[in-house]
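Quick notes on the structure that follows.
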Amino acid sequence: MPDRRFHLPGLLRGAVLAALPAFATAQAAAPAAGPAVQEAPLRAHLAFLADDLLEGRGTGQRGGELTVRYLETQAAAIGLKPAAGKGYRQKVELIGQKTQAGSILRFEAGGKTIDAAFGQGAVYGNASGKAETRLDAPVVFVGYGIDAPDEAWNDFAGADLKGKLLVAMVNDPQPTAAEPARFGGKSLSWYGRWTYKFEEAQRQGAAGILLIHTTPSASYPWSVPVTSFTHEQFHLAGPGNALQGWISEDMARTLFSAAGQDLDALRARAEVKGFRPVELKATVHAQVNSAVRQVAEYNVAGIVPGTEPKLREEAVIYSAHWDHLGVDIENGKPDHIWNGAIDNGSGTAALLAMARAAVAHPARRTQVFLWPCAEEQGLLGALAYTRAPLWPLAKTAADLNLDSMNFVGPTRDIGVPGAERSTLLDTARAVAQRMGLSIAPAVPDLGGAYFRADHFMFAKAGVPAFNVGSAVFSGDGSFAFAHDAAASSERMRAFTRDYHQVSDQFDPAWDLTGMVQQAQFTLNLGYAVANGAAMPVWKAGEAWGKVTR
């Protein structure tokens, strides 16, 4: 793979360019005399953050330490005020676990022994914090593995699942002609996410859970969970499943057939309300050997204080996770650095460029620039922040998140999926109109993108929040690109091949005007909220709006 390192002479040139006036595209997009996001610093930050020198910004790795040091240094240089007492760091205590060679996952069914080879038929780990876990348990198919009182749906009803291994489908029950809006219709709901299912297995008292992977139901190929589980896994301190992970569809078919069951028939039964767990005539023997360590990681945060004496006690947060998958020297590939240029060097760099513009233009409310850690580990940095917020959640107006930004070129519209859940949509429309943009048409959220980025933890805590304008997460590159629309859309779609792969690397030839545009829209939206008469509120009936701030 070609070496795309951004060498220090180039970085110095980028620093010099950062002092020059903003590019015309950024100036045209910004309100008159308002904060203008400049391309030069954004490009320089992105190139550096995605360089091999930062080793993929891995959680609990040297590259992560370098990234945190870079961010707090840049925050101070820009002029942000510390948000965490006298400093910019918020400590997040994590437990790291990596499944080791010699681990075993074996099924006994119908007189057959079925070994699930790690990385092929299955990927798994434990979240118990123990170096060795052993499990001998019966296997139960629990359909979608959902207990949703608001949908009058319970896949666990009437079953004692304590000490058993659950096997579940990903995604959630599909809409029907009679119930076209159940579980969000065609869009994936929170109940369909793997993180929810892992948490629910623990609440049910199960010994563990394995999810059946298919590309359509997960919205990504088998390579994605394989990549995640062959890297070190992290979780916040506390109890967790002794076994959790994924099995391939082929492995699931083999297991169910040996147990005398038809997988497709059981899937069909699981689509109907009233499904009950099915005990497979199968047992599992698992031995998970793990390298376990305690890790102190850090969120980084700085503020631009508000100017209005009363409103400055309220804040709008801009967030973008700084971490990626780091270094994996055991993967057997020549390139073992997962640089994460787009995911999420782009958002990390954009927030720095936005903060640089914001410090000279304070708003009525305070603005918080937050770089959470460990997003790739399950939004852990954002979760830790909402459990111990640096700014009171009751006085947090909104969280505007940036993740995997537009690297293709400028667009005529901007995506705001999730904004419709609150009055943020009305504000976003007004901001887009002032910038000469339209709001991209809403499309079904088939991959559950709303639940896959840091803003969701703020939404769960009651703060109106969404991920701003990400063409990457649309999956189909369907935004209205201003130039060569067909080719631009194809370039965006092609990124799905680089997502969570070592090929997500910085390319100096990228046209970043679209990324600047996206960052400028986010900053303009933040200012509209920060200067508004009232804080945004959730729409009536919105599930996350029920949370008390």
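Every number here is computed from the coordinates shown, using simple stated rules; none is lab data. A quick note: this is a predicted structure, and the numbers were derived from the prediction, not measured. Positions of Cβ are backbone-derived with ideal geometry, glycine not excepted, and every protein chain shown enters the neighbour counts.
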Efficiency by 1/(1 + (r/R0)^6): what FRET value for residue 279 and residue 62, r their Cβ-Cβ distance, R0 = 45 Å, to the nearest 0.05? 0.40
Geometric extent, Cα atoms of the stretch 105-150 - Rg, Dmax (angstrom): 14.2, 42
Sites residue 426 and residue 177, calculated FRET efficiency, Cβ-Cβ separation with R0 30 Å, nearest 0.05: 0.35
List the lysines whose Cα lies under 16 Å from the Cα of residue 98, skipping any in the same chain that are fewer than 8 positions away. 130
Give me the angle, in degrees from 0 to 90, between the Cα long axis of helix 347-358 and the longest principal axis of the Cα atoms of the chain, rounded to the nearest 10. 30
Least to most buried among 336, 45 (fewest other Cβ within 10 Å first): 336, 45
Run lengths n ≥ 4 of DSSP H only: what is the helix-derived mean residue ellipticity at 222 nm for the chain, with -39500 (n - 2.57) per run over all residues, to the nearest 500? -8000 deg cm²/dmol
Per DSSP, loop GluC sites (Glu not before Pro) in the stretch 254-314 with at most 16 further Cβ within 10 Å: 271
Between residue 136 and residue 294, take the C-beta separation as r, use R0 = 22 Å, and let me know the FRET efficiency to the nearest 0.05. 0.15
What is the ratio of the Cα radius of gyration of the chain to 2.2 N^0.38 Å, with N the residue count, to two decimals? 0.96
Share of antiparallel DSSP beta bridges in the chain, in percent to the nearest 5? 65
To the nearest Å, what is the center-to-center distance of the stretch 299-329 and the stretch 148-176, using C-alpha atoms only? 37
Here, residue 237 and residue 77, labelled 7 Å along Cα→Cβ, have an inter-label distance in nm of 3.4
Work out how far the C-alpha atoms of the stretch 388-453 reach from end to end along every principal axis, then list the three figures in whole Å, largest first. 38, 29, 23
As I understand it, the value is the acute angle between the Cα axis of helix 249-258 and the longest principal axis of the Cα atoms of the chain; what does it come to in degrees, rounded to 10? 20
Hey, what does the equivalent ellipsoid look like for the stretch 312-458, semi-axes from the Cα gyration tensor as sqrt of 5 times each eigenvalue, largest first, whole Å? 27, 20, 16
Could you compute how fast the stretch 97-292 diffuses translationally, taking Rh as the Kirkwood radius over C-alpha pairs and applying Stokes-Einstein at 37 °C with viscosity 0.692 mPa s? Give it in µm² per second. 195
Past 22 Å, Cα to Cα, is the threshold; run 310/539; 164/460; 164/197; 86/460 against it and keep the listed order. 310/539; 164/460; 86/460
Can you tell me the 0 to 90 degree angle between the C-alpha axis of helix 62-78 and the longest principal axis of the chain, rounded to 10? 30
